[in-house]
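Structure record follows, encoded as structure tokens.
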Amino acid sequence: MASSSPTSSSWSPENDLLTKPTRVQAPSKIARDGGDEDDDDVSPWRDASRLRSVEALRAICRKYSIPDGFTPLLAGDRSARALPPPGSVCVFVDALEAGMRLPLHSFFGAVLDHFGIAPGQLAPNGWRALAGFVVLSHFAGAPPSLPVFRHFFTLFLLPHRLYSLRGKDAASAGPLFRQLKGTDARWRKEFFFLSSPAASPWQCLVQWGRPFKSATSDPSLTGPGKAVAASLLRARGGSPIDLTAYLRDSNLAAAKIIVALNFF
């Protein structure tokens, strides 16, 4: 897992909740429909994956309880941003460690689809925020709500057309989760493609895209939405939640993010 940026060997694309958000780019038909990956708004990224053996993929599937039927595919020299093999998406190992699980929770798919990004575009700390929101919603006794999620979080752009999520101080009540530390850029070096057994496997883009600006506007919560937001703050308690302790497997299973324990 070794990587460096064009400008600094210590630079990390995932300072995430610590970094000032970058304005989301305008929609691009090329980006959403599968054009050249070297867009004018991002620097080229052609890093190959360090994962080079089927045995390594099998070990990853066992560790993260990826159900039978999903087929892991070595990336070879294919870029993470390249058009994925039919029926598959790019998966970063650190995203699985952060809370992404297969099959994708329906709310994960809804959020990715709303923003118009593929699973591989959401950086690990973004997955932590997303998984934490689903777990907190479960313990608050409320189904996860997209408008409420957007009330508490904003999407922001990282280099290489990656994105993450920043917690907001919603309604002056403070963020739901404690600020996360940035992660080492080397996470970008371990990825593979995963094919789903379902006829319509993914509820979101499979090739990397760019969000429409309208998808990132602040939502106006209705009365029921305000009630759900208040229930999440009550479940959070008096201070932001530490996601490093909160996202244990038992909580992921309780929130049905982990829905099967079949091993590859």
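The values are calculated or read from the model by the stated rules, or taken from the named source; none is laboratory data. In this text, all values refer to a predicted model and were calculated from it rather than measured experimentally. So basically every Cβ, Gly included, is an ideal-geometry build from the backbone, and we count neighbours across all protein chains shown.
Name the single residue, out of those in the range 81-108 being of a type in the set (Phe, Trp, Tyr) and buried (at least 23 other Cβ atoms within 10 Å of the Cβ), that is nearest to residue 133 (Cα to Cα).
108
Could you grab me the full set of residues in the range 215-248 that are at pLDDT below 95 and under 30 Å from residue 194 (Cα atoms)?
215, 216, 244, 245
Suppose we keep only residues that are charged (D, E, K, R) and outside any loop (DSSP other than H, G, I, E, B) within the range 54-105. Which one would you say is nearest to residue 143 (Cα to Cα)?
Here the residue is 97.
Return a yes/no flag: does the range 145-165 have any residue that is at pLDDT 95 or above, within 27 Å of residue 85 (Cβ to Cβ) and of a type in the set (Gly, Ala, Ser).
Yes: one or more hits.
Can you give me the number of residues within the range 180-221 that are within 15 Å of residue 98 (Cα to Cα), assigned to a strand (DSSP E or B) and not hydroxyl-bearing (Ser, Thr, Tyr)?
1
Restricting the range 226-261 to residues that are part of a loop (DSSP other than H, G, I, E, B) and β-branched (Val, Ile, Thr), which is surrounded by the most Cβ atoms within 10 Å (Cβ to Cβ)?
257
When the range 144-179 is examined, which residues are found to be in a loop (DSSP other than H, G, I, E, B) and either hydrophobic (A, V, I, L, M, F, W, C) or touching a Lys or Arg at 6+ places or on another chain (Cβ under 7 Å) (or both)?
Selection gives 158, 162, 173, 175, 176.
Against the condition within 18 Å of residue 208 (Cα to Cα), among the aromatic types (Phe, Trp, Tyr) and part of a helix (DSSP H, G or I), how does residue 108 come out, does it pass?
yes
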